[in-house]
Amino acid sequence: HFQVGGGKVKKPGKRGRKPAKIDLKAKLERSRQSARECRARKKLRYQYLEELVSSRERAICALREELEMYKQWCVAMDQGKIPSEIKALLTGEEQGKAQQNSARIAKAGKTEANGSNP
């Protein structure tokens, strides 16, 4: 025994709990099971990441095609031509505005009619 500071006796050797007598076969089986679960989680994680990458690649391709279409529209408009898609958009917006205005007028007429008849 060694004396330390305030008269306490300190024993040489390891500190902490003594390892329990664990069955070696059970310990190995738990280790194997843990490794199987780890590999399964890793496989799922890689599948998820691969799906994510492929979906992002598809989105990139779609955006590149859209960008190319807009570039072609700009080139056509620089040459004084209006692409048919833009004409359709413009006429669609004009028709939409006309429908909205007629709906507003109809609503206004109904409220005025209701307000004048008590």
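Find the Cα radius of gyration of segment 24-91, compare it with 2.2 N^0.38 Å by division, and give the number to two decimals.
Dividing the Cα radius of gyration by 2.2 N^0.38 Å gives 2.42.
Dipole of segment 24-91 (Lys/Arg Cβ +1, Asp/Glu Cβ -1, origin at the Cα centre): which of Q33, L49, A59 lies farthest to the positive side?
The Cα lying farthest towards the positive end belongs to Q33.
Only the coordinates and a few stated rules stand behind these numbers; no lab work does. Given the structure is predicted, the values throughout are model-derived calculations rather than measurements. Reconstructed Cβ throughout: ideal geometry from the backbone, glycine too, with neighbour counts over all protein chains shown.
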